[in-house]
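Have a look at the structure below, then the notes.
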Amino acid sequence: MYKICSQCVMDTSDKRISFNENMVCEYCQNFSDFILPTWNYGKNREKDLEKLISQIKQSGVNKEYDCILGLSGGLDSAYLAHIAVKELGLRPLFFHVDVGWNTQESVNNINLIVDKLGADLFTHVVDWSAMKSMQRAYFKSGLPDIDYPQDIAYTSALYMYARKFKVKYILNGGNFSTECCREPEDWGGYLGVDKWFVNSVFKKYGDGSIDGFPLVDILRYKILYKYIYNLTSVYPLNYISYTRDHAQKTLTNEYGCSTFKHKHHESVFTRFYEDFWLPKRFGYEKRRAHLSSLIMTKQISRNEALIQLKEPVLSSDNHKKDYLYISKKLGFSKEEFDKIFSDELNHYSNFKNKRNLILLGAKILRSVGLEKRLFR
């Protein structure tokens with residue numbers, strides 16, 4: 001029987017979702033019980049932020065940079081760049097990972113921000129043949145998260161270069177304001193960079209080589225990088241009153257940045273995956289989690305979210321163009337791509353993985369208050 005939360009728009013397309021007697025979902029309950037009490041919309045956290053910024057600046061004494069910031073050209077990372085330099089007085093190295101799918105708008109946004117802030121930008125271009133091989137394998141695997149290779153490349157390269165440039169802090173644009181409702185694991189919200197899982201998928205479905213593809217396992221960056229190299233990922237947007245609309249207005253007015261129709265649309269591939277491939281092939285709408293986050297944090301109403309969900313973000317013509325563009329760039333004929341689209345579905349549990357170890361780590365972090373979002 002179909003059910004939908006009475007407070008947000010998460011529903012039984014997440015097959016493991018649970019509701020209380022008032023039809024309030026576990027994501028809303030988690031927000032009320034674990035996130036809101038300590039986060040409090042970023043209010044009254046000035047002392048915590050001052051302490052964090054002092055530590056970052058101290059770590060950068062006599063160094064060219066005191067931190068590194070991954071800049072995608074999307075809203076969260078762009079606003080964080082603005083805050084970091086103009087309001088917090090930090091000296092970040094802006095770092096961008098080019099995996100071959102940037103929109104022109106995202107490239108323009110990055111250039112506008114870097115130029116106006118007078119900061120340095122380092123761009124790591126992932127070897128296209130390796131990226132292509134990895135993405136082809138995930139398409140052929142029948143797994144829902146075909147965007148996983150991009151996430152792997154971004155995360156792995158960021159940690160690798162933080163180590164290379166000898167900074168101790170990574171500024172992360174992740175935040176509770178727009179991301180307090182985590183996408184379910186089955187929708188593609190896998191828990192981190194799992195090298196066993198990646199290699200297992202590629203061994204069965206891959207062709208070519210993935211030499212040159214950045215791949216740093218989650219246990220490596222959660223243990224070796226953190227406790228041996230003293231590298232820490234921090235989330236400054238959680239210490240301020242951060243909202244989507246205010247951030248968009250600031251970036252438009254001060255930098256001339258473009259806005260996107262929805263979260264993650266700075267990537268051609270991700271917008272196609274989230275707006276077409278995932279809902280049409282698997283029945284999963286990541287927008288539900290994105291919009292639910294905005295509902296929980298009182299940035300939109302539930303009714304507004306329900307109206308938005310009635311139609312895809314992009315038109316069918318946009319979908320067709322992206323479908324043909326992506327299939328061609330990855331070396332699939334239209335017939336091959338059509339067959340992949342209608343083939344049997346698959347699940348990560350059918351591949352070697354260390355999911356249980358990662359989940360245990362997530363639960364430990366929750367138990368000591370270092371992780372607030374819901375993990376199953």
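Read-outs throughout are calculated quantities, based only on the coordinates presented, and are distinct from any laboratory measurement. Just so you know, these numbers come straight off a predicted model, no measurement behind them. Ideal geometry is used to build each Cβ from the backbone, glycine not excepted, and the neighbour counts take in all protein chains shown.
Just a few scattered comments:
- Residue order, fewest to most beta carbons within 10 Å, for V126, V313: V313, V126
- Where trypsin sites (Lys or Arg not before Pro) fall in DSSP loop in the range 1-102, at most 11 other Cβ within 10 Å: K15, R16, K43
- Among the chymotrypsin sites (Phe, Trp or Tyr not before Pro) in the range 148-241, those placed in a DSSP loop whose Cβ has at most 16 other Cβ atoms within 10 Å are F165, Y229.
- Answer label for Cα Rg over 2.2 N^0.38 Å (calculated), chosen among [x] 0.97; [y] 0.89; [z] 1.03: [x]
- Taking the range 43-365 and dividing mean pair separation by its residue count, relative contact order in percent (alpha carbons under 8 Å, at least six apart): 23
- FRET E, pair E344, K298, Förster distance 56 Å, beta-carbon r, rounded to 0.05: 0.85
- Rounded to the nearest 20, the Cβ-based charge dipole of the chain about its Cα centre (Lys and Arg +1, Asp and Glu -1) stands at 780 debye.
- Net charge of Cβ neighbours under 10 Å - reference P149; Lys, Arg +1; Asp, Glu -1: -1
- Residue pairs exceeding 28 angstrom between C-alpha atoms, taken from K63/K263; K47/K354; K286/K329; K116/K249; K132/K249; K15/K321: K63/K263; K47/K354; K132/K249; K15/K321.
- If the convex hull is drawn through the Cα atoms of the range 100-159, its volume per residue in Å³: 97
- Length added when fully stretched, I228-K321, from 0.36 nm per residue minus Cα-Cα: 28.8 nm
- Leading residue at positive end of dipole, the chain (Cβ point charges), from Y148, N109, L215: L215
- Cβ-based net charge around H264, under 15 Å, with every Lys or Arg adding one and every Asp or Glu removing one: -4
- Whole-Hz couplings from phi, Karplus 6.51/-1.76/1.60, listed for the range 239-256; x for Gly and Pro: 9, 10, 7, 9, 10, 4, 5, 5, 5, 4, 5, 4, 5, 6, 6, 8, 10, x
- The local environment of Y65, defined by Cβ-Cβ distances under 14 Å, has a net charge of +4 under the rule Lys, Arg +1 and Asp, Glu -1.
- Reach of K140 by Cα under 17 Å, taken over aspartates and glutamates that are not fewer than 8 positions away in the same chain: D207, E335, E336, D338, D343, E344
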